[in-house]
Amino acid sequence: ALNPHQGSILQADAALSEKAILSDQRFLRLAAKYQHWFPLTKQDSFILRLEGGQVLAPDETGIPEEYLFRTGGASTVRGYAYQSIGVPVQGAVTGGRVMLVVSAEAVHWLNASWGVAAFADAGDATGIWRDLNLKKSAGGGLRYRTPAGPVALDLGYALKTRRARLDFSIA
């Protein structure tokens, strides 16, 4: 279960805020993540991941930042800094009401402990769906199997900023 080779995971989250009960804004936050592992050989697998979310509200006013969406960094759009993709406001990045991330990754296990991976990611978070402008990245990395799941060390290249970034995660 901690080192999947095939199968799927679907995760869905919802949060509701009612203006009448200690809130400045009435909103509904919906988010989902789907990940599927395709076995290619005993040592090789292909992983597809799709994440999306939307905050249903008249506007962002009164919605706490932690309920809005930003993306970027390990396990999202590698090659970009952690939560650096969102709505730019006066030189800062704030959360948006919509988010979409897609990822494709191929993993080859060299032995029982070590593997290599190649990936392509794209994602954005913004105010409305029609403003989505997916930021793309590509790269590769190392995998190490542990009892807690594979540890990933990835070097991603952000195509928009033309910069490489090292990301570390427990996959």
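The values are calculated or read from the model by the stated rules, or taken from the named source; none is laboratory data. Owing to the predicted nature of the structure, the values given are computational and were not obtained by experimental measurement. Ideal geometry is used to build each Cβ from the backbone, glycine not excepted, and the neighbour counts take in all protein chains shown. In case anyone asks, the SASA skips ligands and DNA or RNA and just uses the protein heavy atoms, side chains included. Shrake-Rupley method; radii C 1.70, N 1.55, O 1.52, S 1.80 Å.
What the table shows:
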{"item": "Options 61, 76, 41: the member that is assigned to a loop (DSSP other than H, G, I, E, B), open to solvent by 30 Å² or more (accessible area, probe 1.4 Å), under 20 Å from residue 128 (Cα atoms) and of a type in the set (Val, Ile, Thr)", "result": "61"}
{"item": "Qualifying residue in the stretch 110-121 (condition: outside any strand (DSSP E or B) and under 30 Å from residue 28 (Cβ atoms))", "result": "no"}
{"item": "Pairs with Cβ under 6 Å, 6+ apart, first in the stretch 46-66 and without any contact (Cβ under 8 Å) to a residue 60 or more places away in the chain, second surrounded by 11 or more Cβ atoms within 10 Å (Cβ to Cβ) and among the aromatic types (Phe, Trp, Tyr)", "result": "50/34; 53/69; 55/27; 57/27; 63/27"}
{"item": "Residue count for the stretch 84-103, restricted to those that are free of Cβ contacts under 8 Å to residues at least 60 places away in the same chain, open to solvent by less than 30 Å² (accessible area, probe 1.4 Å) and either of a type in the set (A, V, I, L, M, F, W, C) or outside any loop (DSSP other than H, G, I, E, B) (or both)", "result": "5"}
{"item": "Enumeration of residues in the stretch 9-36 that are modelled with pLDDT under 95, more than 14 Å from residue 67 (Cβ to Cβ) and part of a strand (DSSP E or B)", "result": "9"}
